[in-house]
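Everything on this sheet refers to the single structure shown next.
The values are calculated or read from the model by the stated rules, or taken from the named source; none is laboratory data. Just so it is clear, the model here is predicted, and its values are computed rather than measured. Neighbour counts are summed over all protein chains in view; Cβ atoms, including those assigned to glycine, are modelled from backbone coordinates with ideal geometry.
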Amino acid sequence: MKATDRRQFLKIAGSSLGIGVLYSAYPATRARGEGEGLFSALSKANGERVASFSFVQLSDAHVGFNGPPDPLGTKAFERAVDMINALPQHPDLVLFTGDLTHDTEDRDVHVQRMKQFQEISQRINVPVIRHVAGEHDAGLDSGALYREFFGDSYYSFDHRGVHFVALDNVSRAKPEVGTEQLEWLKKDLARFPKSAPIVVFTHRPLFDLRSDWEWFTSDGDDVMNILSAYDNVTVLYGHIHRDDEHQIGAVHHYAARSLIFAFPDPTGVAGPRKPIPFDKDHPFKNLGIRNVSFNGKPQPGSQSISVDDIELTAREFRGINGVHQLLRNPNV
Amino acid sequence: MFRVKLFTPALLTIWCFSSLTMLTGTSRVQADDVPVVEIAAKRFAFSPDKITLKKGQTVKIRLHSEDVTHGFFLRPLKLDEQIPAGQTTEVTVTPQVAGTFTTICDHFCGANHGNMNMTIVVQ
């Protein structure tokens, strides 16, 4: 194995979709042919060849919400679905970062909202959709109904060499992960090398973005301490209904826009949080769609994704042994 | 439950609490003579919605939930309390930072939870 094979093995880039975010993960070798030996070895050893792929993050649809900031209900969500289906390259998976539905104390109504969310999301032409809950899905019943529909509230899976971790920071009603989940996270990550590419997706930010707007996770520092043992970590979250990029140490945090209404820039507003008012002349403003291109190159007929690639993970990926561990079947 | 109407500014508020507490006998006298501020939590508001405290002066905040479980969270003053449904809890605080702060309910309590907040002014 040449030393150069071990450099920049995997890179993930993301582009804002306006109503979501599409990320592209691709091998980032420096020259043509470099890394081929590594890829072949991996393919032989694991049966899964590391390859480019893309995924979409959607967030905060609040199905069932009916209020002044957005009288259009699920229109933006449905528009996002159409837009994803029209992408020239179909994503491998969709990650939904919480507040799939709006809360209600009437269980039957909440059941209908969960069903409506499923009905719309199942229109997305994508093999895999993964979710985490938001407080509006799970805050009133400790996540019981959410789990009936979507399964465990925290879990992990591997996809083409990237380890995805779903964290639940809403089911305990307060903005926290809790000791049980922290212990689970340690065990889940223990099998990975320091260089493993890890994508954490959750609802609330894991850092103090604006604590008086409840834009924080009280034990987020404990989560980050666990993640700090790894070089290539990206955190995707929702909750704040706006774009945000933040870096703490080597970890990059990215928020997606919502599919219902937007909140303002927290750095420019004093006092309590208030949504940006609905603009009937521009109903999808702040939820809007941007022109798409991959790697900065516009493609005919494409619809969205900005030209500005956001580099999520560009640190070196070192060591073929680590990759073996990363791609192994976690059930073995 | 004994309720005291709050007055601002806070120094007056605190003085009134101490005096009323001792005069009426409907609330226990603080052995350590720490002023008491009472705050009620009910979906989706705190009452009163604004209090004023004095920097460096210790005060006891008595929190009562009139319905479901609520939170009482303010990072700059290191306040992070849970108020169980229908119960009362107390927290003692000595503000060290002057300013106007938004205190939030951080225990999800329903559809308008995100707007449940109050103001604490520290002078």
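Worth pointing out:
- Flag for A:His159 being more than 14 Å from chain B (Cβ to nearest Cβ), buried (at least 22 other Cβ atoms within 10 Å of the Cβ), over 30 Å from A:Asp106 (Cβ atoms) and at pLDDT below 95: no
- Residue within region B:54-66 that is within 14 Å of chain A (Cβ to nearest Cβ) and in contact with a Gly (Cβ under 9 Å, 6 or more places away or on another chain) present: yes
- Elements of type helices (runs of 4 or more DSSP H) in region A:86-150, at least 1 residues being over 19 Å from the mean Cα position of the chain (by Cα) and surrounded by 15 or more Cβ atoms within 10 Å (Cβ to Cβ): A:107-121, A:144-150
- All positions within region A:213-244 that are within 14 Å of chain B (Cβ to nearest Cβ) and either within 11 Å of A:Leu182 (Cβ to Cβ) or free of Cβ contacts under 8 Å to residues at least 60 places away in the same chain (or both): A:Glu214, A:Trp215, A:Phe216, A:Thr217, A:Ser218, A:Asp219, A:Gly220, A:Asp221, A:Ile240
- Cβ separations smaller than 7 Å between residues 6+ apart or across chains give the following pairs from region A:270-281 residues that are facing chain B (nearest Cβ under 9 Å) to residues that are in a loop (DSSP other than H, G, I, E, B) and not charged (D, E, K, R): A:Arg273/A:Phe263.
- Condition met for B:Thr100 (at pLDDT 95 or above and away from every other protein chain (no Cβ under 14 Å)): no
- Hey, A:Leu72 in contact (Cβ under 8 Å) with a residue 12 or more places away in the chain and surrounded by 24 or more Cβ atoms within 10 Å (Cβ to Cβ) or not: no
- Any hit, region A:181-203, residues being under 20 Å from B:His70 (Cα atoms) and touching a residue at least 60 places away in the same chain (Cβ under 8 Å): no
- Region B:107-123: number of residues that are more than 15 Å from the chain's Cα centre (by Cα), of a type outside the set (Phe, Trp, Tyr) and within 11 Å of chain A (Cβ to nearest Cβ): 8
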